[in-house]
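Please read the structure below before turning to the comments.
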Amino acid sequence: MVQNGNTVQIVEFSGGTLRLLDAAPAAAPDDGFVWISLERPGLDAQLPHIQAAAQRLGGSMLLDVHLQDLDSDAHPTTYDATSVYDLVIFRRLATPEEVAYASGNPEAESAGQAFPANFAAELVRAFRRIDSRAVGFAVFDKLLVSVHPPACATAKSYVQRFLANLKLNVGTADAASAAGATAARAGMPQSPADLVLRLINNMVDSYLGLRQDLSQTMERAQTELLRTAPAPATWNALLQARHRLQMLQDLCEEQQDAMQEWLDTLRDQPLSDYGATSDAAQGWRDQIMARARDVMEHIDRVVHHARRLEQIAETGMQIHFSTQNQRTNAVMQTLTAVTAIFLPLNFLTGFFGMNFEHLPLIHSAAGMWLTLAVMFGMTWGLLIYFMRRRYLER
């Protein structure tokens with residue numbers, strides 16, 4: 001198997017350093033492991049080479065059902081195991097470029113472009129970032145095979161970060177010792193399981209990176225709902241945001257279940273699988289357990305934040321309904337007060353409008369002016385009374 005452009009990347013971790021390979025080695029290093037990462041569209045073309053490397057370096061070829069899982073972009077987060085290797089499917093957060101491409105409008109939603117003026121569109125765009133892509137890992141003792149979505153920068157960025165701190169073994173005579181010292185500072189992964197946990201931890205942290213943007217957008221949504229007449233599109237956008245938050249909670253629950261199963265499997269492994277000596281094995285096992293628990297804790301934080309945002313959305317809707325009810329009550333109170341003011345006036349006009357010959361003040365020259373004065377006085381009296389009782393506002 002050879003690298004095909006940016007589709008396949010082969011990295012050998014050994015002796016406290018790493019080196020990029022053009023093809024999978026004939027045997028795994030005694031003090032390290034081999035990482036083969038490739039993009040999902042190239043899995044079928046590289047499948048014979050992947051299976052040969054898995055048999056040669058890992059001791060077993062990948063099962064057909066696991067190959068189907070690795071090749072599926074819609075597969076949920078899950079964990080499965082055989083007697084030779086573990087299979088972990090983890091859904092990472094989609095990048096802004098992937099979200100823009102999936103929306104069919106990459107130019108309008110490219111990263112770094114300003115939000116649209118329409119707040120409903122801004123709300124939809126912000127929560128559209130809650131989208132995921134499946135990344136598959138086949139974890140052997142001396143081999144890691146990872147399958148990523150197209151143009152996924154997870155593997156490349158991780159290797160480049162270490163290459164920025166490490167020098168490959170092509171320099172001076174003391175390059176190995178220098179690389180070893182740098183590797184100790186950089187914290188090189190010691191096993192495929194350690195590398196997978198680090199990658200997953202970075203994926204979970206990408207969810208945490210959305211907290212500030214989503215919180216600010218949701219707070220603006222609350223302010224928008226408190227307006228007298230919020231835009232109708234805001235409601236639809238808010239419902240879409242709640243749906244995305246529910247999807248995020250379901251996704252995190254799947255991640256928790258899968259990671260807990262893998263953590264239980266790692267905990268049940270014999271101590272001898274972690275190292276040659278009991279002290280080294282115990283220390284390495286504790287480090288793996290701590291890293292796995294750290295991943296679980298980060299997932300819990302994402303779940304907590306998603307639930308808090310959903311509560312904020314629900315609270316905003318309740319505040320809006322309460323405000324609308326209060327405005328309706330104020331309008332009804334005003335109408336009732338106005339009706340009460342005009343009720344005696346209607347009585348007077350109805351009384352003097354009866355077709356009888358003998359009514360008070362009918363034939364009096366001052367009758368009209370006296371009736372108007374009474375009506376005017378009653379109107380002002382009721383108006384002042386209602387304003388003092390705050391039935392009417394100034």
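The values are calculated or read from the model by the stated rules, or taken from the named source; none is laboratory data. Source: prediction; values computed, not measured. Methodologically, a virtual Cβ is constructed for each residue, glycine included, from the backbone with ideal geometry; neighbour enumeration extends over all protein chains shown. These area figures cover heavy atoms from the full protein model, side chains too; ligands, DNA and RNA do not enter into them. Shrake-Rupley method; radii C 1.70, N 1.55, O 1.52, S 1.80 Å.
Let me know the charge dipole size of the chain about its Cα centre in debye, to the nearest 20, where only the beta-carbon of Lys, Arg (+1) and Asp, Glu (-1) is charged.
2000
Report ³J(HN,Hα) in whole Hz for each residue of the range 62-72, in order, from the Karplus equation J = 6.51 cos²θ - 1.76 cosθ + 1.60 where θ = phi - 60°; Gly and Pro get x.
6, 5, 4, 5, 6, 5, 5, 5, 5, 7, 9
Obtain the nm distance between the two label points defined at D300 and V84 by a simple spin-label model: each point lies 7 Å from its Cα along the Cα-to-C-beta direction.
So the label points at D300 and V84 sit 3.7 nm apart.
Using the basic label-point model (7 angstrom from Cα toward the beta carbon), what is the R307 to T223 distance in nanometres?
2.9
So for each of 30-40, 264-274 I average, over its residues, the number of other beta carbons within 10 Å; can you give me the resulting order with the highest mean first?
Result, highest mean first: 30-40, 264-274.
May I ask you to order 300-313, 360-373 by the average number of other C-beta atoms within 10 Å around their residues, highest value first?
Per-residue Cβ counts within 10 Å, averaged per peptide and sorted highest first, yield 300-313, 360-373.
Testing the spin-label approximation: label points 7 Å from Cα along Cα→Cβ at A281 and N346. State their distance in nm.
Using points 7 Å along Cα→Cβ, the separation is 9.4 nm.
State, as an integer percentage, the relative contact order of the chain based on alpha-carbon contacts under 8 Å between residues 6 or more apart.
Contact order relative to length: 15 percent.
What does the extension gain come out to for K156 and N118, with contour length at 0.36 nm per residue minus their alpha carbon separation?
10.0 nm
If the chain between R267 and L359 were fully stretched, how many nm would it gain, using 0.36 nm times the residue separation less the Cα-Cα distance?
22.8 nm is the gain from fully extending R267 to L359.
Give me the percent of accessible area attributable to carbon and sulfur for the chain, probe 1.4 angstrom.
55
Tell me, what is the per residue accessible area of the range 1-62 in Å², probe radius 1.4 Å?
Counting only protein heavy atoms, the per-residue value for the range 1-62 is 43 Å².
Given the C-alpha atoms of the chain, compute the convex hull and give its volume per residue in Å³.
With only Cα atoms used, the chain gives 226 Å³ per residue.
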